Each structure stands twice: as structure tokens, then as C-alpha cells.
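Right, one structure below, let's go through it.
The values are calculated or read from the model by the stated rules, or taken from the named source; none is laboratory data. Keep in mind it's a predicted model, so treat the numbers as computed, not measured. Cβ placement follows ideal geometry from the backbone for every residue including glycine, while neighbour counts extend to all protein chains displayed.
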Amino acid sequence: MLDFGTKVVAGVTPGKGGQKVEGVPVFDAVDEAVRRKRANASIVFVPAAFAKDAVIEAVEAGIRLIAVITERIPFHDALEFQPYARSKAVTVIGPNCPGLASPGQAKMGIMPNHIFRPGDVGVISRSGTLTYEIVNAISEAGFGESTCIGIGGDPIIGTNMVEALALFQRDRSTKKIVVVGEIGGTAEEDAAAFIAKNVTKPVVAYVAGRTAPPGKRMGHAGAIIQGGKGTAESKVRAFNDAGVRVAQYPVEVASLLAAT
Amino acid sequence: MKFLEQKAKEIFARYGIPVPRGVVASRAEEIADPPLPCMVKAQVLVGGRGKAGGIRPANSLEEARAVARQILGMNIGGYTVKQVYLEERLDVENELYLSYSIDRTAREALLMSTPMGGVEIEALPREKIFMECVPVLIGPQPYLWRSLLKKLSLPKDIGEQVVDIARKAYDLFRKEDAELVEINPLIVTKNRRVIAGDAKLVIDDNAEYRHPEYANLDQDRTPLEQEAHEKGIAFIQLDGDIGVIANGAGLTMATLDVLNLKGGRGGTFLDLGGTDDPGKVAEAFEILLKAKPAAILLNIFGGITKADTVAVGVKQALEVMHANVPVVARIKGVNEDKAKQILRDIGMYPAETIEQAAELAVKVSHGGA
């Protein structure tokens, strides 16, 4: 994150206050980091069992943006901390996500730095490494990214696909949008409906899990076809109906972008 | 975590939700005192038991044993029936439906109910279903029960019992970290009692650590999937012959999709996750090899995962297992050149892109190279 240009002003680990990591001071609590270093965003790596605590602590300390990288957080915890953060107008990204990055500016996440190039493509993804694959393809094709948001693979996430689309539609430095979806839930169908109504920028999509069997949870807590709902076909159809071209292969996203 | 009907009903009863009397049996001979007349119900983790002949009536002890003998060992949806549940037969006046699940968009619990129970909820028109979100931070408020009663338009004495069950089911949904609590049918008997006819309960796998009491329950996993689960490896057996292993759920799914587009069929979904610990990688490969794939397709895109340490793990596993399965490897990320060299040294087929790797995997799985 430091190499990416992020101003990392503090780390927080209870009991480790007073130490330094890569020259960055460590505090025992979030409110100390906010008071002493004016931290206004937080990235959460703490183990799943303590993630709810970390998010609420950050919200109460006055943090405005929280990226939760931690995977395997019980979603009943997310059902508590997500609405709570929203009630305080705090933006949460994730959980179970690689974070977010704006090349040339800052990164709050674990994505590899070298795949990014500054540019005007906004990327929204439910996945981690698949995002790297696609961002890499976008960069190698000569495009670059304005911002990449890994919204997370859990069923209960802080910023969903529609909200991320709305942000990119408003963002002046974004000219084109890439959406990386997967099976499970109706995020892609909702996104398609939103795009048809509200998004004027060209959108290209990829949907993972075309060959996933129903009833099986494909690694991500949110990636499951249940009761015939959440299939890749339904998502691809919804995108196509909204005029969004869907890549068959991940790298094909780049050539579809070139054609928009 | 999924629960057999009988186990789910045991948990329902703990929360005060009325359930029929019943006894469980895994052998016909052990049935001694079933609540007659009864229904003999196959205990499997899949739906469609009734249609498959897995739920049948019995009027005497002899008949109950005879029916149980027929149902035990039956194959329903790929699962062998190991247990039957013998349950008192109810005089059904009508059947309702009640469930709690989650609304991903609202980020709240979702209460669904309808007076037309006993059928698949998906088959009903939307306007026949009462659907209301419950903000988990606040919990259900009295208006929720008022509108539920209005929608179901039930007589007062029955409505009160339904609301009482709805309250208790919500309590269960929250305290047990459930992703689904479903009562279908919720039976109204001729003597005006409301009882859970069936019970479906699914608990969040990620909350397993808060519910150690359920750790040893049978799940709908293959023996190999069970072994992987115990080792904390995300692994699913599929019906193809090419073992797919990648890092990250989305990338693993995408790799399977690309393989399919190239004419191959994935035999496994194995998500290595964020690990590059050679020991863990070796463990994952051991599971993969036990699935006896014709070829293995490894696709790694490193972030925090280092490519060369993954390669070391792969090497160790193949050496220990003495495996001579062809492996096609596509590795990108930190130290990828080192990784490629390690893999080449042990005779793997290197590939630059997923597409190339998939094509090559299809070829070597047929014995070509």
C-alpha cells in the first residue's frame, strides 16, 4: 500500500501500541489513530471472529471509509455491522474482498500493484484473483483503471454492485465500466436493470460460474445457485437485455472494451 | 451446515416451536413404539423425498417396520437413506408456509409466509406471498406480526399460534446463525393446533466455530469433500475428468468455465485461497490426486500469494504421492519465473494464459501433449 502511494498513517493492534512497522506507528485503538494521526479510512484484516468489533470500533472512532478484507465472517455479524455503518453514513467495502485501488493515487487492499495502470476504466468485482486477471488484461491491452473496487464475495456486503455503478457513473475520471460478477444472488440482475435506466457510460461484463452445479457453494459464501436462482445464464441474459456485452473469457473483457 | 428433518425439529423444539411426536431409527428392528398411526419419513439432506417414495404411512408396528425396511437404503437424489423418522400422523385442516432467510440487497432478514403451504414457494405467484424484511439491529416489531396476520387472514386463535411460532423461529434464526429456517408445511390441525410439519434448517458454515455442537453432523459431502473440509480446503467434486486447482473462488470458477469452452470437463473445484505455504499446497494436491483426475490444470494468479512457494508445494506433493498425472500449470505473480523453472524441472506443462492452459489440459488428458 505504501508503494502504491497510500498515506498509511497508523496501524492498530490491541496490545501492540508504541511499536512501529515500516516506519508507521502502531496504536492500541482506532480512536487513538484518528486523534493522533487523523486517519479517515481503515482497512480491516482482523480474523473473522473479531471483524464485527473492528468495524464498529472504526465507525465509532469517526472513520468514513472501511475496507474489510477478512473472509469467512459469519453473515449474521455483517447483518449487524453493515446497517450500523450505513446509519452513520460510513461506507463499507467488503467483507471477503481484495479492497479498492485508484492507480496513481492510493490503494486500500491486497491487489498486486504491478497489474494497474492509471486510466479511465472503472472496475467492479465480486472476486479477488479473478479481478487481478481481468485488470491485468485491461492494462496489457493498453487501457488503464480509474478505480477498481472489489465489492466482495459474501452475501451481505457494504457497497453493492448497483451502488458502485452509481459511483462510477458520477465519477469524472471514469469513462468506461467493467463489471465482474459470478453466480448466486441477484446483484447482476439488479445491476443490469440499474444500467439500463441510469448508466450512460459503456459497460462490459464477465460472469464466472457458467459451469457451476446448482446447490453447491463455489468457494465464496455468496456463490451458490439456490432454487434455480442465481444462475450465470440469468445474469448474462440480464446484462445482454440491458445492452451490456458479456465476455466469454476473462481476457476478452479487454477486446470488448476496445469495441465500445 | 444442513440438518436432517429430525435434527432440525429437535432444535425447533428447543426454541418452543411445536413439532409432531416422533422417533428415529436406522434399522427396522429397533423400532419399538412408534406414535401410531404414523408417517415413515426418509432422512436425507435433499428435497423431493415424497415424490421419490421416501415418505409413507403406517398403521401398525409391523407395517411401520415393513415400510422402514423398504425406505432404509433407498437412493434419493444420490443419497442413501440411513435413517427414518417415524412421526405421528396429523389430521390436517390446512397447510401454511413460513420461513426466514436473508435479503442480500436490503441487508436484512427476510420473513416469508403464505396460507398456501405444502408446495414449492417458488411455484407460487408473488402476490400470494407475504414478504417483509426484518432489520436485524432492531429485531421484529409488533407491526410485523399485525401485517402478517392481516395477509394470512386466519382465525384469531390460529393466528396467535402462528405469530408465536414466527417469533420463536426468528429467535432461532438469529441465535443459531441460520441462513434458512423454513417450515413447509406449517400445519393447522383439525383440532386447531399449529405444528411444524417439516423443518428445514441451514446454518452458516462460517459460523461453525460458534456452534461446535453441530460439528460432527453428516453433511451432503462426498468422502473426499469431507476430508478436504476437515483440512479447511475449499473443494468440490464435479463430474468431469480434469482436476482444476486455482487460487480464489472466482478464478477457480472462471478456470472451469474456460476449460468447458475448450471442450474439457472439470472434475474438481479446488480453491487454494490465499495460501502459498508449501505444506498447505501439498495437502491440497493430495486431495486433488485422490479424485483420480486424468490431468490437472493449475491456475495461479498471485497477489499476496508467492508463485514459487506454490510451485514448491506442488513439487513436494507430487513426489510424496508418486503421481504421474500430467499437470498443466499457469502461474502468474511474484517470483513467477522461479516458479516456472521449478515446475518445468519436474516435467509439468507450462502455459502463459488460462486459454492455453485449458487447451493443453484437454490434450494431455486424452494422452496427447
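Data table
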read-out	value
Conditions (1) under 13 Å from the mean Cα position of the chain (by Cα); (2) surrounded by fewer than 24 Cβ atoms within 10 Å (Cβ to Cβ); (3) more than 24 Å from B:Glu179 (Cα to Cα): number failed by A:Gln169	(1)
Verdict on B:Asp271 being assigned by TED's automatic domain parsing to the domain that holds B:Gly313, acidic (Asp, Glu) and at pLDDT below 90	no
Considering residues of region A:179-210 that are surrounded by fewer than 24 Cβ atoms within 10 Å (Cβ to Cβ) and hydroxyl-bearing (Ser, Thr, Tyr) only, the residue farthest from the other protein chains (Cβ to nearest Cβ)	A:Thr200
Residue within region B:106-127 that is within 24 Å of the chain's Cα centre (by Cα), of a type in the set (Asp, Glu), assigned to a strand (DSSP E or B) and buried (at least 18 other Cβ atoms within 10 Å of the Cβ) present	yes
Residue under evaluation B:Phe130, criteria (1) under 30 Å from A:Gln82 (Cα atoms); (2) in contact with a Gly (Cβ under 7 Å, 6 or more places away or on another chain); (3) without any contact (Cβ under 8 Å) to a residue 60 or more places away in the chain, criterion not met	(2)
One residue from A:Arg126, A:Arg117 being surrounded by fewer than 20 Cβ atoms within 10 Å (Cβ to Cβ), touching a helix residue (DSSP H, G or I) at 6+ places or on another chain (Cβ under 9 Å), basic (Lys, Arg) and touching a residue at least 24 places away in the same chain (Cβ under 8 Å)	A:Arg117
Residue in region A:83-91 that is β-branched (Val, Ile, Thr), within 23 Å of A:Glu60 (Cβ to Cβ) and within 13 Å of chain B (Cβ to nearest Cβ) present	no
Near pairs, Cβ below 8 angstrom, 6+ apart or cross-chain, from region B:176-190 (at positive phi) to any residue that is among the hydroxyl-bearing types (Ser, Thr, Tyr)	none
Within region A:60-80, considering residues that are under 12 Å from A:Thr91 (Cα atoms) and buried (at least 22 other Cβ atoms within 10 Å of the Cβ), the one farthest from the other protein chains (Cβ to nearest Cβ)	A:Ile63
Residue among B:Leu90, B:Leu152, B:Leu124 that is away from every other protein chain (no Cβ under 14 Å) and under 28 Å from B:Lys41 (Cα atoms)	B:Leu90
Hey, B:Asp271 under 29 Å from the mean Cα position of the chain (by Cα), acidic (Asp, Glu) and either at the interface with chain A (Cβ under 10 Å from one of its Cβ atoms) or buried (at least 24 other Cβ atoms within 10 Å of the Cβ) (or both) or not	yes
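Residues checked against (1) closer than 30 Å to A:His76 by Cα; (2) more than 10 Å from chain A (Cβ to nearest Cβ); (3) buried (at least 20 other Cβ atoms within 10 Å of the Cβ):
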site	(1), (2), (3)
B:Asp218	yes, yes, no
B:Phe235	yes, no, yes
B:Asp239	no, no, no
B:Val258	no, no, yes
B:Lys280	yes, yes, no
B:Leu298	no, yes, yes
